[in-house]
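Structure first, then comments.
Bear in mind that the values in this text are calculations on the coordinates, not laboratory data. Just so it is clear, the structure is predicted and the values come from calculations on it, not from any experiment. Note that each Cβ is placed from the backbone with ideal geometry, even for glycine, and that neighbours are counted across all protein chains shown.
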Amino acid sequence: MPAKPRWPRVVLKVSGEALASTASDETMDAGVVDRMAGEIADSRNRLGVEIAVVVGGGNIWRGLTGANANLDRATSDYMGMLATVINALALQAALEGHGQPTRTLSAIQMAEVAEPYIRRRAMRHLEKGRVVIFAAGNGNPFFTTDTTAALRAAEIEAQGILKGTHSGVDGVYSADPKLDPTATRYEEIGFMDVFNRNLQVMDMTAITLCRDNKLPILVFDVMTEGNIPRALGGEPIGTLIQ
Ligand code: UDP
């Protein structure tokens, strides 16, 4: 029997930091990008799951970096959105290297390098088996790519969001597992728990959008090899928030 996906259509959120090199100060580790691309392409083909990726830009620029250095916040945020386009192009090239047709749709128009974000076009690409990468966040300053993942997932009628972590923590814990050895990982929690316990999973705008649109989030460690197909295939890893 062919393997079945956890959700037929998903948004995978990959932070910019996850693409950065841990061994050097390079902003991007080609090996990591290639490994993720291979796992996404493999899952797309083996499970038939429709995958849209939202990439962050934190490995290159974050809005707050500039805002702290006397740059106005809006300008700094636009710089952050452009950073996500750089990551998106790298991921697209890597996916194509694995033979996976891919389209980058940018929320800031950049006709020479990416298609403009058009909701119906994104959905059509997914139906045709292409991987879609959403670049430039949602095109507005004062937002994050986590919020973008929630927004795009609701728009394209995805059934869930996969939120990859890169800090070595493989889900949501009762306390910080790096500080408290008794901390335990939740297999499943509700949105209200995230609010009430102020759990730092995604920013509150993103969590609120997911709750209001009944979009479950699987928080999992994207840095462990093989975890993207495991998460997409419904294996019991990470923490499911719903
Ligand atoms: N950003 C923005 N609007 C968006 C998405 C992102 O202004 O809709 C900016 C914001 O400055 C953010 C930066 O782009 O700090 C990079 O995105 P993010 O921090 O979400 O990336 P990640 O932490 O996932 O690498």
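Residue by residue through segment 87-101, which ³J(HN,Hα) values in whole Hz follow from phi under the Karplus form 6.51 cos²θ - 1.76 cosθ + 1.60 (θ = phi - 60°), with glycine and proline marked x?
Result, rounded to whole Hz: 5, 4, 5, 5, 5, 4, 4, 5, 4, 5, x, 8, x, 9, x.
Restricting attention to segment 175-242, which GluC sites (Glu not before Pro) occupy a DSSP loop and are surrounded by at most 13 other Cβ atoms within 10 Å?
Values: sites: 187, 188, 225; in loops: 187, 225.
For GluC sites (Glu not before Pro) across segment 175-242 that sit outside H, G, I, E and B with at most 13 neighbouring Cβ atoms in 10 Å, the list reads 187, 225.
In terms of modelled amide H atoms, which long-range or inter-chain residues lie less than 5 Å from the amide H of residue 53?
12, 132, 133, 134
Name the residue farthest towards the positive end of the dipole of the chain from the options 11, 201, 71, assuming +1 on Cβ of Lys and Arg, -1 on Cβ of Asp and Glu, about the Cα centre.
11
Apply the a/c threshold of 1.5 to the C-alpha gyration tensor of segment 172-218 and tell me whether it is rounded, prolate or oblate. It would help to have the intermediate numbers written out before the result.
Numbers: a/c = 2.72, a/b = 2.07, b/c = 1.31.
Verdict is prolate for segment 172-218.
Kindly provide the GluC sites (Glu not before Pro) of segment 5-47 that DSSP labels as loop, not H, G, I, E or B, and whose Cβ sees at most 13 other Cβ atoms within 10 Å. Numbers along the way, then the final one.
Values: sites: 17, 26, 39; in loops: 26.
Here the sparse-neighbourhood loop sites are 26.
Please list, by residue number, every one of the chymotrypsin sites (Phe, Trp or Tyr not before Pro) in segment 98-153 that is coil in DSSP and has at most 16 other beta-carbon atoms within 10 Å. List each step's numbers first, then the result.
On the way: sites: 117, 134, 142, 143; in loops: 117, 142, 143.
Within segment 98-153, the qualifying chymotrypsin sites (Phe, Trp or Tyr not before Pro) (loop, at most 16 other Cβ atoms within 10 Å) are 142.
Please rank 108, 51, fewest neighbouring Cβ atoms within 10 Å first, as an exposure proxy.
108, 51
How many Lys pairs in the chain lie less than 22 angstrom apart by Cα atoms, where the lysines are 8 or more positions apart or on different chains?
Count of close lysine pairs: 9.
Mind listing the Cα extents of the chain along all three principal axes, in Å, largest one first?
In descending order, the Cα extents are 56, 51, 39 Å.
Most exposed first by the Cβ proxy, i.e. fewest other Cβ within 10 Å, how do 28, 36, 192 rank?
192, 28, 36
Please tell me the relative contact order of segment 135-242 in percent, rounded to the nearest whole number, where contacts are Cα pairs under 8 Å and at least six residues apart.
Working: 159 pairs, mean separation 37.8, N = 108.
Dividing the mean separation by the residue count of segment 135-242 yields 35 percent.
Once fully extended, how much extra length lies between residue 159 and residue 214, figured as 0.36 nm per residue of separation less the alpha-carbon to alpha-carbon distance? Walk me through the numbers before you get to the answer.
Numbers: separation 55, 0.36 × 55 = 19.80 nm, distance 0.87 nm.
Length gained, residue 159 through residue 214: 18.9 nm.
Suppose only helical runs count, i.e. DSSP H with n ≥ 4. What mean residue ellipticity at 222 nm does that imply for the chain under -39500 (n - 2.57) per run, divided by all residues and rounded to the nearest 500 deg cm²/dmol? Please list the in-between numbers first.
Details: 9 runs with 93 residues, N = 242.
About -11500 deg cm²/dmol.
Just how far, in whole angstrom, is segment 160-178 from segment 70-100 if you go by their alpha carbon centroids?
For segment 70-100 versus segment 160-178, the Cα centre distance is 23 Å.
How much net charge surrounds residue 224 when only the other residues with a Cβ under 11 Å from the Cβ of residue 224 are counted, with Lys and Arg +1 and Asp and Glu -1? Could the numbers behind the result be given before it?
Numbers: positive: 35, 230; negative: 39, 170, 221, 225.
Neighbourhood net charge equals -2.
If you rank 182, 208, 165 by fewest surrounding Cβ atoms within 10 Å, what's the result? If you can, show how the numbers build up before the last one.
Details: 182 7, 208 16, 165 23.
Least crowded to most crowded, the residues run 182, 208, 165.
Could you give me the ³J(HN,Hα) list for segment 138-150, computed from phi with Karplus coefficients 6.51, -1.76, 1.60 and θ = phi - 60°, whole Hz, x at Gly and Pro?
My calculation for segment 138-150 gives 9, x, 10, x, 6, 10, 10, 6, 5, 5, 4, 4, 5 Hz in order.
Given 5 Å bins starting at zero, what is the percent of C-alpha pairs of segment 104-225 in each, up to the one with the largest pair distance?
Whole-percent P(r) values from 0 Å outward: 2, 10, 18, 20, 19, 13, 10, 5, 3, 1, 0.
Suppose each label sits 7 Å from its Cα in the direction of the beta carbon; what would the residue 112-residue 180 distance come out to in nanometres?
5.2 nm
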